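Structure first, then comments.
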Amino acid sequence: MSTFLAVKYLHIATVAISISLFVLRYWWQYRDSPLRLQRWVRIAPHLNDTILLLTGVVLVIWTRYYPFTAHGVWLTEKLFGVIIYIVLGFIALGKGKRRQQTRWFAFLLALVVLYIILKLAITQIPLLG
């Protein structure tokens with residue numbers, strides 16, 4: 001297997017892990033489970049997301065699909081989607097005093113944004129441009 005494919009598959013695996021951990025952490029928070037307070041639950045998502053970011057940067061460099069260029073419009077949209085997803089995840093999982101209804105709405109919107117991000121990544125067809 002080529003190095004490119006190994007990095008690409010690692011990127012895809014970390015995406016799957018990130019989504020799974022997001023859903024699991026929301027579920028534990030919703031149920032007020034003590035599992036959400038375990039040390040690995042606070043550390044693993046950050047480690048995984050760091051690998052996700054690094055593999056994404058490597059793929060951008062190798063493929064030469066640069067955001068904010070005519071060739072990488074879909075990637076620009078994807079990056080903005082990731083920023084929106086992070087904000088919604090912070091609202092859904094953050095420690096601030098928020099109503100459960102607000103957290104639920106942010107969680108659902110985050111899943112919609114994830115769908116859009118995945119669609120952009122798979123099709124490489126921009127939605128807005």
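If you go through the range 65-86 one residue at a time, do you hit one that is surrounded by 14 or more Cβ atoms within 10 Å (Cβ to Cβ), touching a Ser or Thr at 6+ places or on another chain (Cβ under 6 Å) and closer than 25 Å to TYR9 by Cβ? Yes: the range 65-86 contains one or more residues that are surrounded by 14 or more Cβ atoms within 10 Å (Cβ to Cβ), touching a Ser or Thr at 6+ places or on another chain (Cβ under 6 Å) and closer than 25 Å to TYR9 by Cβ.
I'd like the residue in the range 1-37 that is of a type in the set (Ser, Thr, Tyr) and assigned to a helix (DSSP H, G or I) and, out of all such residues, is farthest from the chain's Cα centre (by Cα).
In the first step, residues of the range 1-37 are kept if they are of a type in the set (Ser, Thr, Tyr); the result is 2-3, 9, 14, 18, 20, 26, 30, 33.
Okay, now just the ones that are also assigned to a helix (DSSP H, G or I), so 3, 9, 14, 18, 20, 26, 30.
On the way: THR3: 23, TYR9: 16, THR14: 9, SER18: 6, SER20: 10, TYR26: 14, TYR30: 20 Å.
Result: THR3.
Residue count for the range 76-129 satisfying the condition of being assigned to a loop (DSSP other than H, G, I, E, B), farther than 19 Å from ASP49 by Cβ and without any contact (Cβ under 8 Å) to a residue 24 or more places away in the chain: 4. Number of residues in the range 80-97 that are over 10 Å from the mean Cα position of the chain (by Cα) and either under 21 Å from TYR65 (Cβ atoms) or among the aromatic types (Phe, Trp, Tyr) (or both): the value is 2.
A single entry from ALA13, ALA44 fulfils the requirement of being touching a residue at least 12 places away in the same chain (Cβ under 8 Å) and not aromatic (Phe, Trp, Tyr): ALA44.
On the given criteria, is TYR115 surrounded by 15 or more Cβ atoms within 10 Å (Cβ to Cβ), of a type in the set (Phe, Trp, Tyr) and at pLDDT 95 or above? Give the derivation first.
Values: surrounded by 15 or more Cβ atoms within 10 Å (Cβ to Cβ): no; of a type in the set (Phe, Trp, Tyr): yes; at pLDDT 95 or above: yes.
For TYR115, the condition - surrounded by 15 or more Cβ atoms within 10 Å (Cβ to Cβ), of a type in the set (Phe, Trp, Tyr) and at pLDDT 95 or above - is not met.
The values are calculated or read from the model by the stated rules, or taken from the named source; none is laboratory data. Worth saying up front: this structure is predicted, and the values here are computed from it rather than measured. Every residue, glycine as well, gets a Cβ built from its backbone with ideal geometry; the counts of neighbours run over all protein chains shown.
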